[in-house]
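In what follows, a single structure is set out as structure tokens and then discussed.
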Amino acid sequence: MILPINIYSDDILRKKAKPLKGIDRGIEELIAFMFETMHNASGIGLAAPQVGHSVRLLVIDISGLNNYSDAKPMVVINPHILAVRGYNDMEEGCLSLPGVKGDVERPAAITLKYRNEQFEEMTGEFSGMYARVLQHEIDHLNGTLFVDRMEKRDRRKIQKELDAFVSGSVTAAYPIAREPLTAKYS
Ligand code: NI
């Protein structure tokens, strides 16, 4: 099932999401729907709050990107960044801000502790696009959007686009939600 995606200015995108205590059929279903929703929107990452569920769950699939065709899709639950190394600048976008792009500086590599789709505890080192997308999605679990991390001067250039989201004029090539859905899994 393709879920509608919450858009910038929806309250759920600004909440701190709650940790999951385990996996049940409802969560398995949500994970499957999140992959379907992300692929339908040609996204490379999606966090549960973006589809109306304020829980610490995200999915990524960067296999469509150049040089990452072997990348396996990942389910990440209750992530904790243990360490970061280096910094780089990269242009980001977000399915919750259709059409908006901007440069963001982030750590270039991270050590991440998380639980996988079997709720097993994992620790991994991630760099390149993995580090970039994981950090963007983890931000969503803390109510942070990439535009919050843009330099003020760059952000001023996109302010009109952000204001348009608030006033309700949004177009996207995929279903969007303007109200948070009932948080069935939180
Ligand atoms: Ni995003």
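Descriptive notes on the structure:
- Using a cutoff of 8 angstrom between alpha carbon atoms and counting only pairs six or more residues apart, the relative contact order for segment 4-60 works out to 45 percent.
- Listed residues A164, G128, S69: farthest to the positive end of the dipole of the chain (Cβ charges): A164
- Neighbourhood net charge (13 Å Cβ-Cβ; Lys/Arg +1, Asp/Glu -1) for E161: +3
- Accessible area per residue for segment 64-186 is 57 Å², calculated with a 1.4 Å probe on protein heavy atoms, without ligands, DNA or RNA.
- The antiparallel fraction among DSSP beta bridges confined to the chain stands at about 90%.
- About its Cα centre, the dipole of segment 11-167 is roughly 580 debye, where the only charges are +1 on Lys and Arg Cβ and -1 on Asp and Glu Cβ.
- Taking Lys and Arg as +1 and Asp and Glu as -1, the other residues whose beta-carbon sits under 11 Å from that of R106 total -3.
- Build a GNM of the chain with springs between Cα atoms under 10 Å apart, and of L112, L82, L46 the one that fluctuates most is L82.
- The tail of the calculated P(r) for segment 11-167, taken as Cα-Cα distances beyond 26 Å, holds 23 percent of the pairs.
- Theoretical ellipticity at 222 nm over the chain - DSSP helices of four or more residues, -39500 (n - 2.57) apiece, nearest 500: -8000 deg cm²/dmol
- Between segment 82-107 and segment 17-57, the alpha-carbon centres lie 20 Å apart.
- Leading residue at positive end of dipole, segment 36-186 (Cβ point charges), from N142, S42, V59: N142
- 12 Å beta-carbon shell around E125, net charge (K/R +1, D/E -1): +2
- Using a probe radius of 1.4 angstrom, the carbon and sulfur fraction of the accessible surface of the chain is 49%.
- Contact order normalised by residue count of the chain, Cα under 8 Å, 6+ apart, percent: 29
- Evaluated over segment 11-167, the count of Lys pairs having alpha-carbon atoms less than 21 Å apart is 8 (only pairs 8 or more residues apart or interchain).
The values are calculated or read from the model by the stated rules, or taken from the named source; none is laboratory data. Keep in mind that what you see is a predicted model, and the values were worked out from it rather than measured. Using ideal geometry, Cβ is built from the backbone for each residue, glycine included, and neighbour counts are taken over all protein chains shown. Accessible surface areas use protein heavy atoms only, side chains included; no ligands, DNA or RNA. Shrake-Rupley method; radii C 1.70, N 1.55, O 1.52, S 1.80 Å.
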